[in-house]
Structures are given as structure tokens and as C-alpha cells.
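To start, the structure itself, in C-alpha cells.
The numbers here are math on the coordinates, done by the rules we state, and not lab data. Note that this is a predicted model, so its numbers are computed, not measured. Positions of Cβ are generated from backbone atoms using ideal geometry, with glycine treated the same way; all protein chains shown enter the neighbour counts.
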Amino acid sequence: MHNAALAHVGLTDWRYQLLPIPPALIEETLRALPAAGFAGVNVTIPHKRAALAVAGEPTDRARSIGAANTLVYADDGTIAADNTDAPALLEALATLPGAAARPAGALVLGAGGSARAALWALRDAGGAELSIWNRTPARAETLAAEFDARPVGAAEAARPVELLVNCTAVELEGADPFAALPITAAQLARCGALADYAYGTRETRLVAAARRAGIPAVDGLELLVVQGALAFERFTGHPAPRDVMRAAVRPEA
């Protein structure tokens, strides 16, 4: 996706590459990358809080969320941090019809970096009554206190809501979301909309079930494109060619 965008804007001497980094080495690696010629880096699970910690100049948004997915390296050695997951969610929701784009209530599943971004985005947009569920209730309680949300147990999480936001990695781990999460396909069909941060080469089971039921859904690939486009603009200073990036992740479209 990024390499297609770089080629499109004429940055042919730039390259975006994958760097698998174990948590124990994340801080020293992030600090060493500028010397290796890196202009910036995206980070994902489980590094988003650690990425914020190494930044000398986090945006107010990243600081408030408590996690960063985008670091930009300045020539003077300064490391700037931002979180593009949050605005990506709001931008993607804005494409949904009617009330789905402006939910009055939302339930966030998970308590990692994406959940922090989702809670911040929905709170910043105003209006939504926020609830959060996590497999570890104590983590949900801690996050709820930070973002003026309400922690809920499995029974309450199973009730239909205007917007369901999945920030868990259960499908990435190979689990059935309808077994691992406190929601059934029938309950999902009574929700107003779904946003699923998980993505892969095919639709997630949550997104597929929502679309079969006629529920407006934002899938993880669209969130990937939008947050990536915002990061691309931070890295390069060029407007992101979103259609090019979208085509790169959806070659069949």
C-alpha cells in the first residue's frame, strides 16, 4: 500500500518495509532507525504504547490517547509521535449512511492501543455514550476511567448498540469471534453499525455477518487505508493518493 503510494507521487528512492520487532527490543530499535535512513515508522500490536514513550514530541492527540502508531524522525534527531487510528475511525464512519455515521452510543471491544484510539475519537466527536468490554475486566475498568466510559460485563455487552467497534485481535489469532466475544450473529444483526479494526486477505467473520444482515460496516482494510494515508502524509509531506492505496489492498475491487 505505501510502496504503491510512494511510486505514485514519484518518491522512487523511498521504500516501506516490514520490521518484525520483539517487545524487548522495541525502544532501542525505534531509536536506532533514523541512523539507518528511516524517515518514520508505523507501529502496531503490541507496540503502540511503547512508541509513544520514545517520542520527544507527541501530538496532543497521541498524548491524550496514550498510544501512538506513527513516529516521524526529524533531521535534528527529534522523534514526533501521532495516532492516526483515531481520525481514521471518524473519517471512515462518516461514509456510513444516516445515524450510523453519528452514533449516540457505542460499545468498544478490547483494551489495547486501537481501543484507546477508538474511545478517544468517539469521545472527541461528542455525543456518544461509551461502553467498553474486555476479556480482562480490570483492564476495561482502567480504560473506562480514563475515557469517561462505562465498563460492562459479557451480559450487557451482548445487547445491541448503535455502533459496535471491535478492537480485539481474536480473529487474527484464529479464534471464532462469536465464541470469543460476548456477541452472537443475531445480536450483531440488531446493532446499528460495525467498525472492525481486524483485517486480513478476506472479510472478517464479524464484517461478513454484519453485511449479510444489512448492517453498515467499516472493515479493517478501510481503516488501514485511512490511517495509512494520514501517516503517509506525515512521513512525506505529500497528499496521500488514497485510491491508489485502496487499490493496493483490494486488488479485486
With a 10 Å Cβ neighbour count serving as the proxy for reagent exposure, in which order, fewest first, do 47, 2, 8 appear? 8, 2, 47
Where the only charges are on Cβ atoms (+1 Lys, Arg; -1 Asp, Glu), what is the dipole of the chain about its Cα centre, to the nearest 20 debye? 520
For the chain, what number results from the quotient of the Cα radius of gyration and 2.2 N^0.38 Å? 1.00
Counting only DSSP beta bridges fully inside the chain, the antiparallel percentage to nearest 5 is 30
Quick one: of the DSSP bridges fully inside the stretch 36-158, what percent are antiparallel, nearest 5? 45
Roughly how big is the stretch 1-138's charge dipole about its Cα centre, with Cβ charges of +1 (Lys, Arg) and -1 (Asp, Glu), in debye to the nearest 20? 460
Pick from 229, 213, 35: which residue has the top mean-square fluctuation in a GNM of the chain where Cα pairs under 10 Å get a spring? 35
Given a cut-off of 21 Å, what percent of all Cα-Cα pairs of the stretch 87-218 lie beyond it? 32
Based on the inverse mean of 1/r over its pairs of different Cα atoms, what is the Kirkwood hydrodynamic radius of the stretch 178-246, in Å? 13.4
When only Cα pairs under 8 Å and 6 or more residues apart are kept, what is the percent relative contact order across the stretch 11-157? 16
What length, rounded to one decimal in nm, is gained on full extension from residue 190 through to residue 24, with 0.36 nm per residue of separation minus their alpha-carbon distance? 55.5 nm
Nitroxide proxy distance, nm - points 7 Å out along Cα→Cβ at residue 125 and residue 78: 3.1
So for the chain, averaging the separation of alpha carbon pairs under 8 Å that are six or more residues apart and normalising by length, what relative contact order in percent results? 17
Taking the Cβ of residue 113 as the center, what net charge do the other residues with Cβ under 11 Å away carry, scoring Lys and Arg +1 and Asp and Glu -1? +2
Per-residue ellipticity at 222 nm attributable to helices in the chain (runs of n ≥ 4 DSSP H, -39500 (n - 2.57) apiece, nearest 500 deg cm²/dmol) works out to -11000 deg cm²/dmol
